[in-house]
Amino acid sequence: MPTTPVRVNHQADEPQERAPTPAQAGDESARLQRELNLRNCALDAASTHFMIIDVRGPLWCMVYANRAIARTHGYETAELIGRSPSMLAPFEENKEAFERISAAVRDGKSISADLQARRKDGSLFRVGMFLAPIRDDTDHSAYYVGIGADITAKLEQERLQRELQERLYSEMQERERMLIELRLAQKLESVGRLAAGIAHEINTPIQYVSDSVSFLQSAQSDLDGLLGAYRSAMQQVTNEESAREALAVLKSREQGLDLEFLWTEVPKAFARTLEGIERVASIVRAMKEFAHPDAAEQSAADLNHAIDTTLTVAHNEYKYSAQIEKQYGELPEVTCNVGELNQVFLNLIVNAAHAITESGKGIDSGRITIVTNSAGAQVTVSIADNGCGIPKNHLEKIFDPFFTTKPVGRGTGQGLAIARSIVVEKHAGSLEVDSTVGEGTVFTLRLPIAGRAVAAK
């Protein structure tokens, strides 16, 4: 902030009717000396650096320096009077700052500067200095007052704070990178675990596609033979006897082919083939959607469709242990990263299937119920099972990394930890669990419809 220039009044006193007596002049001189001493004591008591510089001529010199500036630089006050300010802040260390200060002095302006200072013993430190002109009644600036302080500790604190902030930012980036890699590894682990089941899911429709195509190939060969017989008979028909013989041959060929069976089964074979191809295509589409690389930005997605995709991919995980009951509500499109949410749905569905298996239930009695609905600015997805349930002493730990109650080789303890990270940290939602031992478990997932950015406001 600009400092109001100090003015020195050189105006002659108004003419007095009577000149002061020597005694009066002595009293006035003593009073002024006391005031000067009081000012010097006050300035010497201050911890702030204070100096007055004579800026007339090419060589500047200090005409006053308080005790604080002398002590900080390792000098006695008397050693500074009449000396150049450059003995405290060497010119070679502060060329750019001195150029700015010289320009300000030429223009009679105030200026702030950060200077490299030197002590008497040669050690260096940093000072912050504010310089302002002292003006007389003619608005001339013959002197400048400098006010400053040792800012070495402050700069070091700022440096340490910057380093701490950079380290924290670097650690946050590293943590985010590790979370991304962990989620990717968990997804790849899931894809690997599902690979055998997906292969089996594809193998079944492929098998009856293969059987149907083999049948159609055989039927086509038989029909080609019958067509050849028809053509041969047409060439032989020249009289009634030849016609009777040709018709007998054709009838015999038709009976041998079981033509009625072919007329019935060929269309069915085509239907089975198309159905098998569609089933394979749906599995491939689901797998492609599930394994699609996660996008950096969130986008609108149909969560009901996302759950169906996950159910298709994970079919082999639950088809022998539970039936799926879907109670889908009408959902708006949710701004999210659907690839990450597919991973959450997969973890919850597979865990539900394992819990049902551990409870001893099978396909006839095992149930996984998936309910979706929307209310206000949120959508809710609940995935419930009637499996073995989770003990109360484990409920607070199930979202901790590497915690698992599954046998070695069946669970890594990462699924629920990653699911919670995706829902809470990546999507500003919530993931809650309610469980009763022997009755089952319900996981309830809530997500903001408008996405993470809006939910964070």
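The values are calculated or read from the model by the stated rules, or taken from the named source; none is laboratory data. Keep in mind that what you see is a predicted model, and the values were worked out from it rather than measured. Here the Cβ is made from the backbone with ideal geometry for all residues, glycine too, and neighbour counts use every protein chain on show.
Condition (residue is of a type outside the set (Val, Ile, Thr), under 17 Å from residue 422 (Cα atoms) and within 26 Å of the chain's Cα centre (by Cα)) applied to the range 318-333: is it met by at least one residue? Before you say what the answer is, go through the steps one by one.
First, pick out the residues of the range 318-333 that are of a type outside the set (Val, Ile, Thr): 318-323, 325-333.
Imposing the further condition that a residue be under 17 Å from residue 422 (Cα atoms) reduces the set to none.
There is no residue in the range 318-333 that is of a type outside the set (Val, Ile, Thr), under 17 Å from residue 422 (Cα atoms) and within 26 Å of the chain's Cα centre (by Cα).
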**Any hit, the range 346-354, residues being outside the structural domain of residue 282 (by TED's automatic domain parsing), modelled with pLDDT of 90 or more, surrounded by 21 or more Cβ atoms within 10 Å (Cβ to Cβ) and farther than 19 Å from residue 441 by Cβ** = no
**Fill in**
Within the range 53-71, restricting to residues that are surrounded by fewer than 19 Cβ atoms within 10 Å (Cβ to Cβ) and under 55 Å from the mean Cα position of the chain (by Cα), the one that is farthest from residue 105 (Cα to Cα) is 71
**Selection within the range 132-161 - free of Cβ contacts under 8 Å to residues at least 60 places away in the same chain and within 18 Å of residue 51 (Cα to Cα)** = 151
**Message:** Condition first: surrounded by 13 or more Cβ atoms within 10 Å (Cβ to Cβ), modelled with pLDDT of 80 or more, of a type outside the set (Val, Ile, Thr) and under 20 Å from the mean Cα position of the chain (by Cα). Can you find one or more residues in the range 395-405 that meet it?
**Reply:** no
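Each row is one residue, and each column tells you yes or no for (1) surrounded by 12 or more Cβ atoms within 10 Å (Cβ to Cβ); (2) in the same structural domain as residue 309 (by TED's automatic domain parsing); (3) modelled with pLDDT under 70.
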{"residue": "206", "(1), (2), (3)": "yes, no, no"}
{"residue": "224", "(1), (2), (3)": "no, no, no"}
{"residue": "231", "(1), (2), (3)": "no, no, yes"}
{"residue": "241", "(1), (2), (3)": "no, no, yes"}
{"residue": "254", "(1), (2), (3)": "yes, no, yes"}
